[in-house]
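What follows is a short report on a single structure.
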Amino acid sequence: MVVETWTRWREDVEREGMRFAPAPEYHVFPTRERPLKPYEAVRRATGVTRELVARERPDVVVSDILTLAPALAAELEGVPWATLIPHVDPRGDAGFPPYSVGARLPRTAIGRRWWRTFDPLVGRGLSLGRDELNETRARLGLPPLDHVHGGISRSLALVATFPQLEYPRRAPLPNTHVVGPLQWEPPFGDVEPPPGTDPLVLVAPSTAQDRDGRMLRAALAGLADLPVRVLASTNRRGETDGFDVPANARLVDWVSYSRAMPRCDLVVCHVGHGTLMRALAAGVPVVACPAAGDMNENAARADWAGVGVRLPRRLVTRTGLRLAVTRALATPSLGARARELAAWAATHDPGRRAVELVERLAAAG
């Protein structure tokens, strides 16, 4: 197996016994100084990745939904390709709110009709994306596509989330399989929480979306007077100074979620998909404080599935977090539902299922 990714992951790839290939790291988002269109970066990267595909002659190529170059390179070389969707499926259905707006699935016919009024707007956006992709395909010598979501393989799409977080559809999407969370993290030792027997709350922020530590500071202040223990991480900010840490809390620079979460009663997070999957696989409900992008969607799904309390960004304050944590710990159904998902994860093997599907595609190719 060969993994093409950024050089920062080389050591981790090789530690897992796989061969590493450096992925082209182009600047994607244009600035005044670096005016490069997103699809221009894709076109350049496709040429580099195509050389790797031609050299290795793999039986199948599996690429992330946001990484178009490997898919295009595989198509150019006549190699079957599959798409990994590392979050809930972004493709909508009649009555679904637009992906990432943070709205729950409507409960009534009126609600479904309301969200259908946005279908033309969403459709225009998808059509524009298809046209831009077709321009790139033409430059690469590939034929145009007449369907949207061209970055998702029609041969095999692996959705790496809990099926309990997927909204029910009128009909299943072809060759799409919700396999369950595919989890990995760098090795790290145990971190001891504060002593005692009070409920343990893990505060797991996203530094990518909260560089000033707003949620972390609010959680440390808001939970200081509650009968809980708090284990909080700066998520590798590089320092823990400058934070007021109360007596019932411990603040560290990094913590292994797979080791810490099974010991917790609640996780406070920005609800990035990976953090959410770790918490639910451990049977732990969440207080979801979405910051941006698909975090809003993840928070809505956690609320809809009954595994968390959603706290809008404007309410991520000392008081807001104290109330949200109090509510979550006082609602037994949240923990019970999270443990149901953990039981599902314990009796299913998402990795094995994904491998079986990829091998089936390779054999058919």
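Here the range 20-51 is the region considered, the condition is being at pLDDT below 95 and acidic (Asp, Glu), and the residue that is surrounded by the most Cβ atoms within 10 Å (Cβ to Cβ) is Glu40. Against the conditions (1) surrounded by fewer than 19 Cβ atoms within 10 Å (Cβ to Cβ); (2) over 21 Å from the mean Cα position of the chain (by Cα), Ala73 satisfies every one except (1).
Quick one: in the range 176-208, of everything that is among the charged types (D, E, K, R) and in contact with a helix residue (DSSP H, G or I) (Cβ under 7 Å, 6 or more places away or on another chain), which residue is surrounded by the most Cβ atoms within 10 Å (Cβ to Cβ)? Here the residue is Glu185. The set of residues from the range 98-130 being in contact (Cβ under 8 Å) with a residue 24 or more places away in the chain and in a loop (DSSP other than H, G, I, E, B) comprises Pro98, Tyr99, Ser100, Val101, Gly102, Ala103, Arg104, Leu105.
Selection within the range 126-165: residues that are in contact with a Lys or Arg (Cβ under 7 Å, 6 or more places away or on another chain) and among the β-branched types (Val, Ile, Thr). The member of this set that is surrounded by the fewest Cβ atoms within 10 Å (Cβ to Cβ) is Val148. Remark: Thr108 matches the filter, which requires a residue to be among the polar types (S, T, N, Q) and surrounded by fewer than 17 Cβ atoms within 10 Å (Cβ to Cβ). Whenever a residue of the range 167-191 is modelled with pLDDT of 95 or more, its partners that are of a type in the set (Phe, Trp, Tyr), lying with C-beta atoms within less than 8 angstrom and at least six residues away or across chains, give the pairs Tyr167/Phe96; Tyr167/Trp304; Val178/Phe162; Gly180/Phe162; Gly180/Trp344; Pro181/Phe162.
Of all the listed residues (Gly150, Gly180), the sole one being in a loop (DSSP other than H, G, I, E, B), of a type outside the set (Lys, Arg) and more than 30 Å from Ser233 (Cβ to Cβ) is Gly150.
Name the residue, out of Ala338, Ala343, Ala363, that is part of a helix (DSSP H, G or I), under 20 Å from Leu182 (Cα atoms) and out of contact with any helix residue (DSSP H, G or I) (no Cβ under 6 Å at 6 or more places or on another chain).
Working: Ala338 fails: out of contact with any helix residue (DSSP H, G or I) (no Cβ under 6 Å at 6 or more places or on another chain); Ala363 fails: under 20 Å from Leu182 (Cα atoms).
When all the criteria are applied, what remains is Ala343.
Any idea which of Ala82, Ala103, Ala54 is at pLDDT 90 or above, out of contact with any Lys or Arg (no Cβ under 6 Å at 6 or more places or on another chain) and loosely packed, with under 15 Cβ neighbours inside 10 Å?
Numbers: Ala82 fails: loosely packed, with under 15 Cβ neighbours inside 10 Å; Ala103 fails: loosely packed, with under 15 Cβ neighbours inside 10 Å.
Matching residue, one of Ala82, Ala103, Ala54: Ala54.
For the range 52-95, the set of residues classified as of a type in the set (A, V, I, L, M, F, W, C), part of a helix (DSSP H, G or I) and without any contact (Cβ under 8 Å) to a residue 40 or more places away in the chain consists of Val53, Ala54, Ala73, Ala74, listed by residue number. Note on the range 309-335: residues that are more than 14 Å from Met215 (Cβ to Cβ) and in a helix (DSSP H, G or I) amount to 9. A single entry from Asp303, Asp294, Asp265 fulfils the requirement of being over 17 Å from Val203 (Cβ atoms), at pLDDT 95 or above, assigned by TED's automatic domain parsing to the domain that holds Thr234 and of a type outside the set (Val, Ile, Thr): Asp303.
The values are calculated or read from the model by the stated rules, or taken from the named source; none is laboratory data. If you're wondering where the values come from, they're calculated on a predicted model, not measured in any experiment. Positions of Cβ are backbone-derived with ideal geometry, glycine not excepted, and every protein chain shown enters the neighbour counts.
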